[in-house]
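Engineer: Take this structure, written in structure tokens, and hold onto it; I'll ask about it next.
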Amino acid sequence: MRERRYFTTRTMALIGVMAAMVFAMTYVGIDIPTALGKTKLHFGNVMCLLSALLFGPLTGGLAAGIGSALFDVMDPVWAPECWITFLTKFAMAFVAGLLMKKLPEGKYRPWASALCGSLTYSVLYIGKNVVDSLVVKGFTWQVTKVEVLAAKVPVTLVNGLLAVVCAALLYAALQPALRKAHVLTA
């Protein structure tokens, strides 16, 4: 009797390649300085969502989490929170990948899946920043509104929308070729 393992060599290679793409594409973007730190408009979330749309919730989630956490480790400003980044990016891709499996076939399935994954991340990221501002930094609600709501929410929503559009379009372009090359088996 042959034992079935999820983490085959092929799956681990896909996770590694997609994590590298997430890592690399997070560098492609614009740093936006704010009065209380910095935020970034980048293309890493595109790859997080694309990995989930193409390869499912677990493979996509691990690729998104690992690639994003590695990016954070490279910057001393974000390194202490790399574990939070792993969890939030994993959740984004896991939700998108799970919906790709559960929603009925159709041209809107990748769009809806990517949107729900992006919204999951946005809520988690903004929530983390509110807690950080109020609890860890000890700021008042007035300062938190400026730091999080005025500075981070618009960038997060633009990042999210950009990621949804790009990931869904890239999925439509890549999925047939990856099927033909037998990279996608399902």
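Engineer: Mind telling me which of the residues ALA64, ALA79, ALA69 ends up being among the small types (Gly, Ala, Ser) and either on the phi > 0 side of the Ramachandran plot or touching a residue at least 40 places away in the same chain (Cβ under 8 Å) (or both)?
Structural biologist: Step by step, each of ALA64, ALA79, ALA69 is checked, and only ALA64 is among the small types (Gly, Ala, Ser) and either on the phi > 0 side of the Ramachandran plot or touching a residue at least 40 places away in the same chain (Cβ under 8 Å) (or both).
Engineer: Examine region 108-118 for a residue that is over 23 Å from LEU58 (Cα atoms), out of contact with any Leu (no Cβ under 9 Å at 6 or more places or on another chain) and loosely packed, with under 14 Cβ neighbours inside 10 Å, and state whether such a residue exists.
Structural biologist: no
Engineer: Right, something else. If only one of LEU115, LEU41 is touching a helix residue (DSSP H, G or I) at 6+ places or on another chain (Cβ under 7 Å) and in a strand (DSSP E or B), which one is it?
Structural biologist: On inspection, the qualifying residue turns out to be LEU41.
Engineer: Same structure, new question: Residues of region 46-61 being closer than 16 Å to LYS101 by Cβ and in a helix (DSSP H, G or I), which ones?
Structural biologist: Selection gives LEU49, LEU50, SER51, ALA52, LEU53, LEU54, PHE55, PRO57, LEU58, THR59, GLY60, GLY61.
Table: residues versus (1) out of contact with any Phe, Trp or Tyr (no Cβ under 8 Å at 6 or more places or on another chain); (2) of a type outside the set (A, V, I, L, M, F, W, C); (3) not in a helix (DSSP H, G or I).
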site	(1), (2), (3)
LYS89	no, yes, no
PHE94	yes, no, no
GLY97	no, yes, no
LYS107	yes, yes, yes
VAL123	yes, no, no
ALA151	yes, no, no
THR156	no, yes, no
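Engineer: Looking at GLY127, GLY138, which one is loosely packed, with under 15 Cβ neighbours inside 10 Å and under 21 Å from HIS42 (Cα atoms)?
Structural biologist: Selected residue: GLY127, the only one of GLY127, GLY138 that is loosely packed, with under 15 Cβ neighbours inside 10 Å and under 21 Å from HIS42 (Cα atoms).
Engineer: Only residues that are surrounded by fewer than 20 Cβ atoms within 10 Å (Cβ to Cβ) and either at pLDDT 95 or above or out of contact with any Lys or Arg (no Cβ under 9 Å at 6 or more places or on another chain) (or both): list them for region 44-81, please.
Structural biologist: LEU58, LEU70, VAL73, MET74, ASP75, PRO76, TRP78, ALA79, PRO80
Engineer: Is there a residue being closer than 23 Å to LEU184 by Cβ, in contact with a Pro (Cβ under 6 Å, 6 or more places away or on another chain) and among the hydrophobic types (A, V, I, L, M, F, W, C) anywhere in region 100-120?
Structural biologist: No, there is no match, as no residue in region 100-120 is closer than 23 Å to LEU184 by Cβ, in contact with a Pro (Cβ under 6 Å, 6 or more places away or on another chain) and among the hydrophobic types (A, V, I, L, M, F, W, C).
Engineer: Got a number for residues in region 108-122 being more than 18 Å from LYS40 (Cβ to Cβ) and touching a residue at least 40 places away in the same chain (Cβ under 8 Å)?
Structural biologist: Summing the residues that are more than 18 Å from LYS40 (Cβ to Cβ) and touching a residue at least 40 places away in the same chain (Cβ under 8 Å) in region 108-122 gives 7.
Engineer: Moving on to the next point. GLN142 fails exactly one of the following numbered conditions: (1) within 22 Å of TRP78 (Cβ to Cβ); (2) over 20 Å from the mean Cα position of the chain (by Cα); (3) of a type outside the set (D, E, K, R). What is the number of that condition?
Structural biologist: (1)
So that you can scan it fast, the table gives a plain yes or no per residue for (1) closer than 24 Å to CYS116 by Cα; (2) free of Cβ contacts under 8 Å to residues at least 24 places away in the same chain; (3) part of a loop (DSSP other than H, G, I, E, B); (4) among the hydroxyl-bearing types (Ser, Thr, Tyr):
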| site | (1), (2), (3), (4) |
| --- | --- |
| VAL131 | yes, yes, no, no |
| LEU134 | no, yes, no, no |
| GLY160 | yes, no, no, no |
| CYS166 | yes, no, no, no |
| ALA172 | yes, no, no, no |
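The values are calculated or read from the model by the stated rules, or taken from the named source; none is laboratory data. Keep in mind that this is a model prediction, so the values were computed, not measured. Quick reminder, even Gly has a Cβ in these numbers, built from the backbone with ideal geometry, and neighbours come from all protein chains shown.
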